[in-house]
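Working notes, structure below.
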Amino acid sequence: MTTSTNEFAVVTGASSGIGYELARQFAEHGYDLLICAEDAEISQAAVNLRHDGQNQVTAVQADLATYEGVEQLYAAILETGRPVDAIALNAGRGIGGDFATQTELKDELNVIDVNVTSTVHLAKRVLPDMVARGQGQVLFTSSIASMMPGTYQAVYNASKSFVQSFAESLRAELKDTGVSVTSLMPGPTDTNFFHRAEMDDTKVGSSKKDDPAVVAEQGFEALQKDKEKVVAGSVKTKVQGAVSKVMPDRAKAEMHRKMAEPGSGDE
């Protein structure tokens, strides 16, 4: 990268969906970017995010489900020679179905590798530098799923519960360091998530979903305002998030069953 006076942000899972829209928020607010995803579409995303030469965008294609992939991304960050002003730890995936009889172990472990392991790994690499400088912003993409048992998405919801707890814990640890941590908690959003999770035939997979651009805008705003967390998306999603705070887990598990049970979208 050539010398730039813009702030510098890193966004993972940025080839499409919420990640791309988060990257667009940073770009539109004058940040230079390093964006990462496992698919080749990340290169086109970088082209789309460049604003008339006013910002620099670097694309890194890496599989963050692997240790090597995270190290590849961190090496690319170091290669820029620039401090990370903000990072959106957004990469994630899910898998739907009955855990005992329908899903494959490799898929469930991949969910953990992407959602949990890579998030911890990359945070461990980036945060010490932020703390040493006494400044930085971190946005974790969690989910309202973190607040409820994930019937037919058991590992995914558990992984997001981890991310949510991790984010809130780091925020408390870093409160006097100049480094802020915000958790973005979307509901069902119109991305490739449900198709990739093999949930097209579920009620949640086939229903109307939130706009990822709206989710990202609310997440970016919450990050800039140093909010602890934000339930982002439509009014319906915000209501669901509020209800989840008081509803018993047993009732939430049954509610999730009705949304995520295979074949429920055909009813």
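The values are calculated or read from the model by the stated rules, or taken from the named source; none is laboratory data. Bear in mind the structure is a predicted one, so any value in this text is a computation, not a measurement. In this analysis, Cβ positions are derived from the backbone assuming ideal geometry, glycine residues included, and neighbour counts consider all displayed protein chains. These area figures cover heavy atoms from the full protein model, side chains too; ligands, DNA and RNA do not enter into them. Shrake-Rupley method; radii C 1.70, N 1.55, O 1.52, S 1.80 Å.
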Highest mean packing first, using Cβ neighbours within 10 angstrom, the peptides 88-98, 27-37 sort as 88-98, 27-37
To the nearest Å², the heavy-atom accessible area per residue of the chain with 1.4 Å probe amounts to 46
Checking ARG82, ARG250, ARG50 against a Gaussian network model of the chain (alpha-carbon springs below 10 Å), the top fluctuating residue turns out to be ARG250
Computed about the Cα centre, the charge dipole of region 101-160 from +1 Lys/Arg and -1 Asp/Glu charges at the Cβ has a magnitude in debye, to the nearest 20, of 280
Expressed in angstrom and ordered largest first, the alpha-carbon extents of the chain along the principal axes are 57, 39, 32
Under 18 Å by backbone N from the virtual spin label 7 Å along Cα-to-Cβ at HIS195, the residues of region 209-241 are 209-213
Using a 1.4 Å probe on heavy atoms of the protein chains only, the accessible area for VAL57 in Å², nearest 10, reads 10
Taking every alpha carbon pair in region 186-267 and sorting the distances into 10 angstrom bins from 0 up to the bin holding the longest one, the percent per bin comes out as 17, 41, 34, 7, 0
Dipole check, the chain, charges on Cβ (K,R +1; D,E -1), about Cα centroid: among ALA253, SER16, LEU105 the Cα furthest to the positive pole belongs to ALA253
In whole percent, the fraction of accessible protein surface over the chain that belongs to carbon or sulfur atoms, probe radius 1.4 Å, stands at 51
Put VAL131, VAL163 in order of accessible area, largest first, probe 1.4 Å, and you get VAL131, VAL163
Shape descriptor, region 76-172: equivalent ellipsoid semi-axes (Cα gyration tensor, sqrt 5λ, whole Å, largest first) stand at 30, 15, 9
With +1 at each Lys and Arg Cβ and -1 at each Asp and Glu Cβ, the charge dipole magnitude of the chain around its Cα centre, to the nearest 20 debye, comes out at 860
Packing-ranked peptide list from 208-216, 72-80, highest mean Cβ count within 10 angstrom first, is 208-216, 72-80
Asserting the computed 222 nm helical MRE of the chain (DSSP H runs at least 4 long, -39500 (n - 2.57) per run, divided by residue count, to nearest 500) equals -14000 deg cm²/dmol
Along the dipole axis of the chain (charges at Cβ: +1 for Lys and Arg, -1 for Asp and Glu; origin at the Cα centre), the most positive-end residue among THR237, ALA40, ALA197 is THR237
So for R0 = 25 Å, FRET eff. of GLU228-ALA251 from the Cβ-Cβ r, to 0.05, ends up at 0.45
